[in-house]
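Accompanying notes for the structure given below.
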Amino acid sequence: MRALLIVNPNATTTTPAGRDRLAHALSGRTQLTVAHTTHRGHAAELARSAHADGMDVVIAHGGDGTVNEIVNGLLGPSPDRGPDPTLPRLAVVPGGSANVFARSLGIAADPMEATEQLLALLADRAARRIGLGHCDGRWFVFNAGLGLDAQVCEAVDLSRLSGKKATSSRYVRHAITQFFASKRIEPALTLELPGQDPVAGVYYAFVSNSSPWTFLDRRPVHTNPGTSFGTGLGVFAMATMRVVPTLRVVRQLLAKQGDPSSPYLLRADDVTHVRARSTRPIGLQVDGDYLGLRTDVEFVAVPSILEVVAPAQ
């Protein structure tokens, strides 16, 4: 089995010793090539080369951003494609701060545990096909969003540039700051879902490809518990910025069996597509990566597009 291990050496929880142990363990089971990313977009370039070289599996060791780059490198920009049997399978050994994609697949959060799990999965040739989301020329593996969460991602990215690590507490602090900064701004979004009248007056919208939507350390955050890698997309959109109703929804998001509902919440757990139009430019994020301001975005579910090395669903 020919494998390419793509390592992001700057990922939050990767260490030189851990990377060496991972490479040593994999080299005993695969014909392994190791590549370290050196710049933004490098993981996508390496993934494209792995496909061209006929690799059997690409293993991501980094955070969700590294995984997203690899997926976009493998699949290209267009959603108008079917499953490609020549694509390498994707495997993940977590190395970031949240590792939402890996954990949603059932991969252990600890890198050493995940390494042992991966070796067993490779030995059993365990794999399954999953669906992905697509918007604005980009694939997303677990979530995307317009408004509040995009503003948070932008703020965290800026803090990273100043040398601060992306931690759960930092995300929470930025979320609180951005929430109160946005309270006095009029809602700009209108959402168009299949078979429904357009819904205006939306402040922010989250679009999910799996559940949970994210993690706060060990705690999962459930926006759309009926959404999975085998369904359509989940939509979670709020039509209020008032503190009390927002706190009620937040409490539901953090509940062990979270199933949020509110008169101010538009939620759908299995849709093929959703279009968002904004009366002013509004931030867009994809898998935690801030992409900039947009006024019109269509999110599309593409089923069974990628084969991953993961436990059975």
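How much of the accessible area of region 119-219, in percent, comes from carbon and sulfur atoms when a 1.4 Å probe is used?
Carbon and sulfur: 53 percent of the exposed surface of region 119-219.
Quick one: Cα centre-to-centre distance for region 77-121 and region 262-277, in angstrom?
Here the answer is 27 Å between Cα centres.
Quantify, in whole percent, the carbon and sulfur part of the accessible surface of region 224-313 (1.4 Å probe; protein heavy atoms only).
Percent of accessible area from carbon and sulfur atoms in region 224-313: 54.
Would you work out if region 99-159 is rounded, prolate or oblate? Take a ≥ b ≥ c from the square roots of the eigenvalues of the alpha-carbon gyration tensor; rounded if a/c is under 1.5, else prolate when a/b is larger than b/c, oblate otherwise.
Note, shape of region 99-159 comes out oblate.
If r is the Cβ-Cβ distance from Ala181 to Thr38 and R0 is 30 Å, what FRET efficiency results, to the nearest 0.05?
That pair, Ala181 with Thr38, gives E of 0.30.
Between Leu216 and Thr272, with labels modelled 7 Å along Cα→Cβ, what's the label distance in nm to one decimal, could you check?
Spacing of the two 7 Å Cα→Cβ label points: 3.7 nm.
Provide the per residue accessible area, probe 1.4 Å, for the chain, rounded to a whole number of square angstrom.
44 Å²
Apply the a/c threshold of 1.5 to the C-alpha gyration tensor of region 1-132 and tell me whether it is rounded, prolate or oblate.
Here region 1-132 falls in the rounded category.
Evaluate the relative contact order of the chain (contact order divided by residue number), counting alpha-carbon pairs under 8 angstrom at least 6 apart; express in whole percent.
About 21 percent, as a whole number.
Please report, in whole Å³, the volume per residue of the convex hull around the C-alpha atoms of region 192-238.
Normalising the Cα hull of region 192-238 by residue number yields 75 Å³.
Using Cα pairs under 8 angstrom and six or more residues apart, how large is the relative contact order of region 91-231, in percent?
Dividing the mean separation by the residue count of region 91-231 yields 25 percent.
Which log10 I(q)/I(0) values, to two decimals, does region 91-228 give at q = 0.13, 0.14, 0.20 Å⁻¹ under the Debye formula with one point per Cα?
-0.70, -0.80, -1.37
Based on the alpha-carbon gyration tensor of region 154-210 and its eigenvalue square roots a ≥ b ≥ c, which shape applies: rounded if a/c is under 1.5, prolate if not and a/b is larger than b/c, or oblate?
It comes out prolate by the Cα gyration axes.
What does the accessible area of Met112 come to, in Å² to the nearest 10, when a probe of 1.4 Å is used?
The value for Met112 is about 70 Å².
At 1.4 Å probe size, what's the solvent-accessible area of Tyr264? Round to the nearest 10 Å².
Number for this one is 80 Å².
Which order do Lys165, Lys183, Lys256 take by accessible area at a 1.4 Å probe, largest first?
Reading off the accessible areas and sorting them downward yields Lys256, Lys165, Lys183.
Which residue, Val71, Phe101, Ala239, has the largest displacement toward the positive end of the dipole of the chain when charges sit on each Cβ (Lys, Arg +1; Asp, Glu -1)?
Ala239
With a 1.4 Å probe and all protein chains left in place, how much of the accessible area of region 1-63 comes from carbon and sulfur atoms, in whole percent?
That fraction is 48 percent.
The values are calculated or read from the model by the stated rules, or taken from the named source; none is laboratory data. Model, not experiment: these values are computed from the prediction. Cβ atoms come from the backbone with ideal geometry, glycine included; neighbour counts cover every protein chain shown. Please note that ligands, DNA and RNA were not included when accessible areas were found on the heavy atoms of the full protein model with its side chains. Shrake-Rupley method; radii C 1.70, N 1.55, O 1.52, S 1.80 Å.
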